[in-house]
Amino acid sequence: MRNERDDLFGHIIQLTRKGWVYEDDRQPVDPGNPRPCKSCKVAIERGCHDPCVANLPATRQACCGHGLERNPRNHLAGYVALADGRRIRFSGARFNGEAIRAMVEAVLRGEPLPDGAEFDTPMWWQGLTDAQYQYVWSRLRSPGDIARLVAEAKAVA
């Protein structure tokens with residue numbers, strides 16, 4: 001079995017023969033009851049935005065990075081996926097919620113990214129209309145469906 005690692009709200013998790021466990025104490029990961037953010041210690045509700053970056057303007061998805069510089073996949077740990085499809089990655093160790101909000105507002109005004117942040121590959125919805133995005137989102141069941149659904153959405157439009 002491959003040794004797979006990921007993070008869940010800043011806590012490093014590892015895939016074992018028995019499933020995902022927290023790397024620090026080998027306790028099983030309970031997806032319905034995740035540990036709070038490792039950085040701010042606030043509990044995060046399943047399917048909700050990280051509290052420190054909730055309601056960012058013109059944003060569809062965001063993660064504060066939970067205090068990590070990089071995640072186990074070696075990406076900068078935090079990200080913001082703007083409604084227009086641009087994706088910004090940044091160090092969760094260097095940016096708090098207030099700094100992330102200021103960064104997003106500056107980008108929306110056309111200003112450059114601050115040090116420690118970079119644009120990453122665009123999100124799958126870049127270039128789609130709101131109706132096309134809703135078409136894909138309402139039918140999405142797994143990441144493997146995205147390319148097919150985007151093509152369908154463009155053909156339907």
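Taking segment 17-53, which residues are surrounded by fewer than 17 Cβ atoms within 10 Å (Cβ to Cβ), under 18 Å from residue 72 (Cα atoms) and aliphatic (A, V, I, L, M)?
Of everything in segment 17-53, just one residue is surrounded by fewer than 17 Cβ atoms within 10 Å (Cβ to Cβ), under 18 Å from residue 72 (Cα atoms) and aliphatic (A, V, I, L, M), namely 21.
Inspect segment 38-49 for any residue being under 28 Å from residue 137 (Cβ atoms) and either at pLDDT 90 or above or touching a His at 6+ places or on another chain (Cβ under 8 Å) (or both) and give the result as yes or no.
No, there is no match, as no residue in segment 38-49 is under 28 Å from residue 137 (Cβ atoms) and either at pLDDT 90 or above or touching a His at 6+ places or on another chain (Cβ under 8 Å) (or both).
Any chance you could count how many residues in segment 30-51 are farther than 14 Å from residue 10 by Cα and either among the small types (Gly, Ala, Ser) or in contact with a strand residue (DSSP E or B) (Cβ under 7 Å, 6 or more places away or on another chain) (or both)?
Here the count works out to 3.
Tally up the residues in segment 118-151 that are among the small types (Gly, Ala, Ser) and in contact (Cβ under 8 Å) with a residue 40 or more places away in the chain, please.
Going through segment 118-151 one residue at a time, the tally reaches 1.
Hey, could you check segment 54-73 for residues that are in contact with an Asp or Glu (Cβ under 8 Å, 6 or more places away or on another chain) and surrounded by 18 or more Cβ atoms within 10 Å (Cβ to Cβ) and say which is nearest to residue 39 (Cα to Cα)?
The selected residue is 66.
Within the set of pairs 6 or more residues apart or between chains, which connect a residue that is farther than 24 Å from residue 94 by Cα and not assigned by TED's automatic domain parsing to the domain that holds residue 66 inside segment 30-46 to a residue that is surrounded by fewer than 18 Cβ atoms within 10 Å (Cβ to Cβ) and small (Gly, Ala, Ser) with Cβ atoms less than 9 Å apart?
Short answer, once both residue conditions are applied: 46/32.
Considering only segment 123-157, how many residues are surrounded by fewer than 14 Cβ atoms within 10 Å (Cβ to Cβ) and among the hydroxyl-bearing types (Ser, Thr, Tyr)?
So the count comes out to 3.
Counting only residues that are out of contact with any helix residue (DSSP H, G or I) (no Cβ under 7 Å at 6 or more places or on another chain) and surrounded by fewer than 16 Cβ atoms within 10 Å (Cβ to Cβ), how many does segment 109-119 have?
7
Can you pull out every residue in segment 1-42 that is part of a loop (DSSP other than H, G, I, E, B), touching a Phe, Trp or Tyr at 6+ places or on another chain (Cβ under 9 Å) and of a type outside the set (D, E, K, R)?
29, 31, 34, 36, 37, 39
Which one is modelled with the lowest pLDDT, of the residues in segment 105-157 that are aliphatic (A, V, I, L, M) and outside any helix (DSSP H, G or I)?
In this case the residue turns out to be 157.
Just to verify a result, which residue in segment 52-104, among those that are over 16 Å from residue 9 (Cβ atoms), of a type in the set (Lys, Arg) and part of a loop (DSSP other than H, G, I, E, B), is nearest to the chain's Cα centre (by Cα)?
For segment 52-104, the residue satisfying everything is 86.
The values are calculated or read from the model by the stated rules, or taken from the named source; none is laboratory data. Keep in mind it's a predicted model, so treat the numbers as computed, not measured. Here the Cβ is made from the backbone with ideal geometry for all residues, glycine too, and neighbour counts use every protein chain on show.
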